[in-house]
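Here the structure comes first, spelled out in structure tokens, and everything after it is commentary.
The values are calculated or read from the model by the stated rules, or taken from the named source; none is laboratory data. This is a predicted model, so every value here is computed, not measured. Backbone-built Cβ (ideal geometry, glycine too); neighbour counts: all protein chains shown. Ligands, DNA and RNA are stripped out before the accessible areas are found, and what is left, the full protein with its side chains, is counted by its heavy atoms. Shrake-Rupley method; radii C 1.70, N 1.55, O 1.52, S 1.80 Å.
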Amino acid sequence: MKFKITAIFLFAAYSFLSGQSDLDREARIVKEKDEMNRQRNLLKVKEADKEGPREQKGNANGNDGDRKSEREERSLQKVKGGHLKRVLDMPFDNFKIYFVDELWKIYPGWATSQGYHNYDSILIIPNAESRSRELKFCSLIEDSLKHYAPDSLSVNNRIDYRLIENFIRGVRFEIKEFKSYAWNPSNYNVGGAISDIIYNQHAPLEEKLRALNKKLANIPQYFQAAEKNISQPTKEHTQLAINQNKGSFYLFDKVLVDSVNTSTLSATEKASLNANAVKARNALENYVSFLTKILPTTEGKGGRSFRIGKDLYAKKFDIDINSRYSVEEMYKKALDRKTFVQSEMYVTAQKLWAKYMGNAKMPDSKLTVVKIIIDTLSTKHCKREDLISTIEKQLPELTKFINAHQLIDLDSTQPLKVRKTPEYMAGVAGASINSPGPYDHNATTYYNVTPLDRYSEAEAESYLREYNDYVLPILNIHEAIPGHYTQGIYANRSASIIKSILGNGATIEGWACYVERMMIEEGFHDSPEMLLFYYKWNLREVCNFILDYNIHCNDWTEKQVSDLLVNEAFQQSTEAKEKYKRATLSQVQLTSYFTGLTEIYELREELKAKFEKNYSLKRFNEKFLSFGSAPVKEIHSIISRGKAER
């Protein structure tokens, strides 16, 4: 992995300093393709010369000799094929280096977030010109991909080819059809851009501040462009943008001030940085004022609905989720799974009835029986002020269980820190993971938890009943061990950086959901109570799909969502309210959980049936993660056919 990253750094430096034009690079790629063909033809000639006339040996009938000869021929072809594949891969490996370097020039903020800091000082102004550059980049990469036949590449590169291809589709879709740059003001937020530089642990403070000074100088122009882009924004995204950008004031008022004061920058440098920081903060404040002013108009002709409709939804699902199933097929699977899980929950609740309800008569309604047992058990939870500390205390138990049951190798050297969700990230999810990028894979992974200090007593109690003593460990499995935190470590170990930076969301979320189920199957907190709440959690993932699809495609109201989540999925009212809010702010993402889980589980069960006694859960888990964050359908097409070469 270190070698791969070093190669990319060197190529990036060469490409940047040499000032090669796009045409120059394209000519080089064409030349490499010609060289690949020349080497392939040369290899065929050499191998033919080596073989010469074949002497047939064997018994009187020649059968043994024929079989031996066939085995030798197959062995030779395998060696030849492997060598040829390596020859064919070399130009594509070079192309990937080129692609990544050009990618970071187009998206320097993304590069910084992945731990690549060569372009930290650059802030792209989000205007028509920058979008035009993105589209030109897409055309150039698309033309370059035409020089390679995916089926002739190794498994590793074939997946990378598909990932790059799908990325190009996604960029074009966003700019030409989806156009969220016009209606989603929360796209414009400098909080992450500033914090990613300041909290870079591998550069001197002064170096970081010098890069940041150049970026700060462009923030006024950045927000001016943002205001020009915005046309008929949604009310929901406008409010989110106001809240998140207000959260960035802390970076200017506290973090930057403290950093400048403790640095050894010269007086002139400090004065320049402070001046640019003041201008940048004023620009941020002006942007918040602009959004506050237009917010009332977003409910009328000045805004648009957050719902994207069936056509855009299907296209976005196809690109973002990248499943082997259509959105309609997965929706049907979600409805079927909901029915199954509700039935299993009733069976489990029946077993627990006498234990918790004594001689009380069991209601006729199956859903009512489940709800009564869940409501009874949900009162067992931590105190609101102990939420973060309780999560911290539970993580070692997960590690101990996984190691004892040999489910997957864990890397205890990679730091994981539970923290309060930063203000500039708040407002979308109650818990999340910030994993380091592939260039900075030894950096700290942050487990973000939103504290309940802004909740009323009733809201906090509802939230804690949702994340009770049974559910909170499942949340930790999902977000941390062996979920997102563990998957992120394996993704950064991947032989290909492409799979890390272009990771598939359904694979990432699907893995986290899959390991929840795996841990329960392997006996974690083995009890009917735990099984009941796992089913409740799984039903939530299923209903995420159902509600997201119906909100955007069938105009479901908040009441319809609440009826589904509270009455059929046994969730608390606060959770239902937050989930509806989340669905108004995102599109398709909520389908990634159930889709990814379904595809991973189907693959596992298919392999378990195929290999029977030779099947190993630990081997499956580690083999699956060895493909990084590639789409499940690509991983399925490879290892289900026994073609899992690296």
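Below are the figures for this structure:
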item: Residues Tyr199 and Met90, FRET efficiency given R0 of 41 Å [Cβ-Cβ distance, rounded to 0.05]; result: 0.65
item: Filtered trypsin sites (Lys or Arg not before Pro), the range 379-472: DSSP coil and at most 14 other beta carbons within 10 Å; result: Lys380, Lys383, Arg454
item: Hz values of 3J(HN,Hα) by residue in the range 294-305 - Karplus curve (6.51, -1.76, 1.60), Gly and Pro given as x; result: 8, 3, x, 7, 6, 7, x, 5, x, x, 9, 6
item: Probe 1.4 Å, all protein chains present, accessible-area order of Trp110, Trp511, largest first; result: Trp110, Trp511
item: Violating pairs (Cα-Cα greater than 19 angstrom) within the set Lys136/Lys310; Lys383/Lys417; Lys608/Lys633; result: Lys136/Lys310; Lys383/Lys417
item: Phi-based couplings in Hz for the range 474-488 (Karplus 6.51, -1.76, 1.60; Gly and Pro marked x); result: 5, 4, 5, 4, 5, 6, 10, 10, x, x, 4, 4, 5, 4, x
item: Estimated Rh, the range 229-272: Kirkwood, alpha-carbon pairs, angstrom; result: 13.0 Å
item: Where the Cα pairs of the range 473-526 fall when distances are cut into 10 Å bins, in %; result: 26, 48, 21, 5
item: Area of Val561 that stays accessible when all protein chains are in place (1.4 Å probe, Å², to 10); result: 0 Å²
item: ³J(HN,Hα), Karplus 6.51/-1.76/1.60, whole Hz, each residue of the range 248-256, x for Gly, Pro; result: 7, 4, 4, 5, 6, 7, 10, 5, 5
item: Whether the range 385-529 is rounded, prolate or oblate, judged on the alpha carbon gyration tensor where a/c under 1.5 counts as rounded; result: oblate
item: Heavy-atom accessible area order for Ser323, Ser637, largest first, 1.4 Å probe; result: Ser637, Ser323
item: Spatial separation of Cα centroids for the range 148-219 and the range 112-129, in angstrom; result: 8 Å
